[in-house]
Structures are given as structure tokens and as C-alpha cells.
Amino acid sequence: MEKIKYISIIFAFTCLLNACNFNSKAQDNNSQNTEQDKATIENLPDGNYLYCSDPNPYPYEDKIDAHRYCFTFIKVEMKVVGGYFYTAPKDTPYICIEGKVKNNWVIGIGYEDIGPSSEPYTEEDFSYLNELPDNPPLGYWDDVEGFQGGFNLKVGNPSLYKLSSPSEDKYTSYWATKLYKNAQLNLSNFEHIEANNLPEYTGCKSK
């Protein structure tokens, strides 16, 4: 009887110890989940940042970040301004976004540069924009065939913002800018990239 009693005490103590370990691990996991939940763009300190989508290189290239969407931006309190673009060894679309951050979303407006062109743009070139509906369902700006890591930026229909003066370099070029009054950028699946010499944005109009 004494032996059975002794075994029962050991068994009870072991169960109690395991329960404590389980609770401790659960608390650790909850703590980790809480920290992950807090790691949002909204909670970043004011500063200059580069965030990029998951790298997905083409088989014949060595650089792991050669083909991915990136957003380089300045955050001041809840306001964000920055450039969203596709990194690749070729000319790719670019849009500047101004807005406010909520969790991992940037909600605001976007300015897309069109060009360069060897011939001046005219308002007639963009007359088709006047025929677009005012409040359509949002569509993906970064739904581009052959580009990897897209489907992060939703926009409404654009309007013509301005026709730029010709550049003053040796190859005279012309640009135009389209304005998206509704732009929603989701950075939930992006990662922070350490980088130096990031652009010092003060606003899209003066980038």
C-alpha cells in the first residue's frame, strides 16, 4: 500500500509539473503572437523605410531581390508619403502615394508618372479618362503580367493631374501625371529591408 501511495504522489507531482510547463509555453506563445500583432506599419517610429514583397527571383538571376514590389516611404505620426514601384533591371511603373496608415494599410491618393516620351503629351492623349465612371469598384494597379509579388495596391479610376514641362537633359523627354483619388496599399506581406540613402520625400508633388 505504501508503494502504491508513493507512486500516486509521484504521478500527481509529474502531472502538476507538466501542466505548469504547458501554461508557461502557452503564455510564451501568446506573448509572441501579441508582439507579432504589434509589428505593424502603424506602430513604426517616425522615420524613413523600405518595405518589399517576398523575393522571388527568376532562375537565371543571382540577386534575390531583383523582381519584387517595394515601397520606400517616410512616416510622420500617422501620415505616410512614398514611392511604390517594381524592382527589375528595366523601366517599370511607378506611383507616389500620400495617405494615412492604419495597421499595415496606407489609405490615400496616388500620383502615377507616365513617360518618358520623345513627343509632348497633350490633354487629348488622356481624353479617354473623362469617359471613365466616377465611382467604379477598385481594381489592382499592380496586376501586371510577368511581374511577381503584386496585388497589393487597389485604386479607383484616374484623372489627368498635369502635363510636365520637357526635361532639360541632353535627351529631351516629356512626362504626364495621372491622379488616383482613391489608393489603398496593403503592406501586410511585405518585409522591412535595411537600406541607406533612401529618398527624402516631403510630398508626391515635390518628390
For region 87-207, report the accessible area per residue in Å² (1.4 Å probe, heavy atoms, rounded to an integer).
-> 64
Got a sec to turn the phi values of region 99-107 into Karplus ³J(HN,Hα) couplings, 6.51 cos²θ - 1.76 cosθ + 1.60 with θ = phi - 60°, whole Hz, x for Gly and Pro?
-> x, 10, 9, 9, 6, 10, 10, 10, 10
Highest average packing first - 113-122, 133-142, Cβ atoms within 10 Å = 113-122, 133-142
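Pop out the carbon and sulfur fraction of the accessible area of region 87-207 as a percent, whole number, probe 1.4 Å. Present the calculation step by step, with values, prior to reporting the outcome.
Working: 3520 of 7710 Å².
Percent of accessible area from carbon and sulfur atoms in region 87-207: 46.
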Which distance in nm do the two modelled labels at residue 102 and residue 44 give, with both placed 7 Å along the Cα-to-Cβ direction?
-> 1.9
Against the 2.2 N^0.38 Å rule of thumb, the C-alpha Rg of region 131-207 sits at a ratio of 1.40
Mind listing the long-range amide H neighbours of residue 162? Cut-off is under 5 Å, sequence gap 5 or more, other chains count too, H placed in the peptide plane at 1.01 Å from N.
-> 177
Computed over region 105-157, Kirkwood Rh from alpha-carbon pairs, angstrom = 13.7
Mind checking the log10 I(q)/I(0) for region 65-207 at q = 0.09, 0.11, 0.12, 0.18 Å⁻¹? Debye, one equal scatterer per Cα, no solvent, two decimals.
-> -0.29, -0.44, -0.52, -1.18
So what are the ³J(HN,Hα) numbers for region 197-203, from phi and the Karplus equation (6.51, -1.76, 1.60; θ = phi - 60°), rounded to whole Hz, Gly and Pro as x?
-> 6, 6, x, 9, 6, 10, x
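The values are calculated or read from the model by the stated rules, or taken from the named source; none is laboratory data. Model, not experiment: these values are computed from the prediction. With ideal geometry, Cβ positions are generated from the backbone for all residues, glycine too; neighbour counts draw on all protein chains shown. In case anyone asks, the SASA skips ligands and DNA or RNA and just uses the protein heavy atoms, side chains included. Shrake-Rupley method; radii C 1.70, N 1.55, O 1.52, S 1.80 Å.
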